[in-house]
Amino acid sequence: MGAATLFAFLIRLIAGLVSEWQAYMVTDHMNDVLLTKSIEVDLEYYESARYYDTLHRAQREAPSRPMSIVNGLAQIGQNGISLLAIAGLLLSFHWIIASILFTAVISGTAVRFKKYRQDVSLAT
């Protein structure tokens, strides 16, 4: 039991270090892309309030937004794998139970997706 706990702790520690390293690399890359694009544009763009606001928002969100997207995609992958495993388990019991729960999951996901699209459209 102690060896399993130690192994789990080491795996979590390594996963945390990899996640931190990934966040650093993605943030550094996004800042490099942002700086490169900022240098490439003509000076007349800096006189436009709309462009300057967009640039400022991109600079503000560059450290956090890409990692939230990556984490969201990883979470979708993990949830998909879990869903397939649970579906396989339920199918081994009876196919009607699996179909009822699958219908519930799909309808719940559709409602969440619709609400997310409304929130995104209101934010922009």
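Quick check on this structure: which one of Ser107, Ser68, Ser99 is assigned to a helix (DSSP H, G or I) and under 18 Å from the mean Cα position of the chain (by Cα)? Full working, then the answer.
Details: Ser107 fails: under 18 Å from the mean Cα position of the chain (by Cα); Ser99 fails: under 18 Å from the mean Cα position of the chain (by Cα).
Matching residue, one of Ser107, Ser68, Ser99: Ser68.
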Tally, over the range 12-48, of residues that are surrounded by 10 or more Cβ atoms within 10 Å (Cβ to Cβ) and either farther than 21 Å from Met67 by Cα or aromatic (Phe, Trp, Tyr) (or both): 7
Enumeration of residues in the range 49-65 that are part of a helix (DSSP H, G or I), of a type outside the set (Lys, Arg) and surrounded by 10 or more Cβ atoms within 10 Å (Cβ to Cβ): Tyr51, Tyr52, Asp53, Thr54, Leu55, His56, Ala58, Gln59, Glu61
Cβ-Cβ under 9 Å pairs, at least 6 apart or on other chains, the range 11-37 side charged (D, E, K, R), far side modelled with pLDDT under 90: Lys37/Leu55; Lys37/Ala58
Condition met for Thr54 (at pLDDT 85 or above and among the hydroxyl-bearing types (Ser, Thr, Tyr)): no
Which numbered condition Leu122 fails, given (1) out of contact with any Ser or Thr (no Cβ under 7 Å at 6 or more places or on another chain); (2) at pLDDT below 80; (3) open to solvent by less than 100 Å² (accessible area, probe 1.4 Å); (4) of a type outside the set (Val, Ile, Thr): (3)
Test: residue in the range 73-80 that is part of a helix (DSSP H, G or I), farther than 30 Å from Ala23 by Cβ, open to solvent by less than 80 Å² (accessible area, probe 1.4 Å) and without any contact (Cβ under 8 Å) to a residue 12 or more places away in the chain: no
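The values are calculated or read from the model by the stated rules, or taken from the named source; none is laboratory data. Keep in mind the model is a prediction, meaning the values are calculated, not measured. Cβ atoms come from the backbone with ideal geometry, glycine included; neighbour counts cover every protein chain shown. Quick note on the areas: whole protein, heavy atoms, side chains included, nothing else; ligands and nucleic acids left out. Shrake-Rupley method; radii C 1.70, N 1.55, O 1.52, S 1.80 Å.
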